[in-house]
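Every number in this text was worked out from the coordinates using simple rules, so none of it is lab data. Computed from a prediction, not measured in an experiment: that's the story for all the values here. When we count neighbours, we look across all protein chains shown, and the Cβ atoms used for this are built from the backbone with ideal geometry, even at glycine.
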Amino acid sequence: MPKEKLIKHNLRAVPTEADQPDGRIVLDQPGSDVCTKCYGSGMEVVAGKGARICECRQRDAHSIRLAKARIPKRYEKCHFNSYQNTSNESQKVALKLCIEFANKYPAVDHGILLTGPVGVGKTHLTVSIIKSLTERGFPCLFYEFGSLLKEIQDSYNPNTRTSESGILSPVLNADVLVLDELGSAKPTDWVRDTMYHVINSRYNDRKFTIFTTNYPDERPAEGRETLEDRIGVRARSRMFEMCRTIRLDGDDYRRNFDGPRLRR
Ligand SMILES: [Zn+2]
């Protein structure tokens, strides 16, 4: 991956006061990519202590891991620091639990299922977790549920009746997988079987998965769908064993943002 295409991210993905809100670092000399600590040598001399590997090299390694995590561009700036959906208790609790997961991993017992309506910041929290974990050296992967299914479907070879393993293998093997918008694709038998395969394989390999979904467990009204309707009983039941469910509620931040414009 060419170095100049990488976005340099701060090496403190769990917030401190001094961080930039979006988690990026500010280069000492604008327009310059040369590290002011090691001048590009990769080794930093610490007075009285000798030489050590410069922080910029760790930062580069982190940036590569982050690029491999495939976070969509529109979520690139998401960071625990910039999570502003804390208008109600459920959002404060969710933020706290996600930071806790990011700090404690891999010493955790469960993955996470974030449920709640559109626009309460579920994806923002999952991307923030990925930033923290990739910084600590753990390979992560982000997929929107619909895009993953589409990629698997597109790679399907009718002659061998299999999908290309190149798509599935990183999904099954990533230390931590984020599956965003679970249940968003039309629930056919193929969708349910494929999802069960992914979820169950990761469960058997003791890998942690973080899901978000807009679909609730309890039917909100007659004729409305639940998560189980969308992904199947087997997958939902497996997820109960794999994940801690965190319920979010609150206003859609996008609606707040767009309100005045839409009313014009
Ligand atoms: Zn350096």
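Things worth noting here:
- Test: residue in the range 146-164 that is surrounded by 20 or more Cβ atoms within 10 Å (Cβ to Cβ) and not charged (D, E, K, R): yes
- All positions within the range 203-226 that are of a type outside the set (Asp, Glu) and more than 25 Å from ASN173 (Cβ to Cβ): ASN214, TYR215, PRO216, ARG219, PRO220, ALA221, GLY223, ARG224, THR226
Quick grid of which residues meet (1) aromatic (Phe, Trp, Tyr); (2) out of contact with any Gly (no Cβ under 8 Å at 6 or more places or on another chain); (3) on the phi > 0 side of the Ramachandran plot:
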| position | (1), (2), (3) |
| --- | --- |
| PRO158 | no, yes, no |
| LEU177 | no, yes, no |
| MET195 | no, no, no |
| ARG202 | no, yes, no |
| PHE208 | yes, no, no |
| THR213 | no, no, no |
| LEU227 | no, no, no |
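- VAL120 being in a loop (DSSP other than H, G, I, E, B), away from the ligand (no atom under 16 Å from the Cβ) and in contact (Cβ under 8 Å) with a residue 60 or more places away in the chain: yes
- Residue selected from the range 33-79 under the condition in contact with a helix residue (DSSP H, G or I) (Cβ under 6 Å, 6 or more places away or on another chain) and not in a helix (DSSP H, G or I), by the criterion farthest from the ligand (Cβ to nearest atom): CYS78
- Subset of the range 174-205 that is over 13 Å from ASP229 (Cα atoms) and in a loop (DSSP other than H, G, I, E, B) - its residue that is farthest from the chain's Cα centre (by Cα): ASP205
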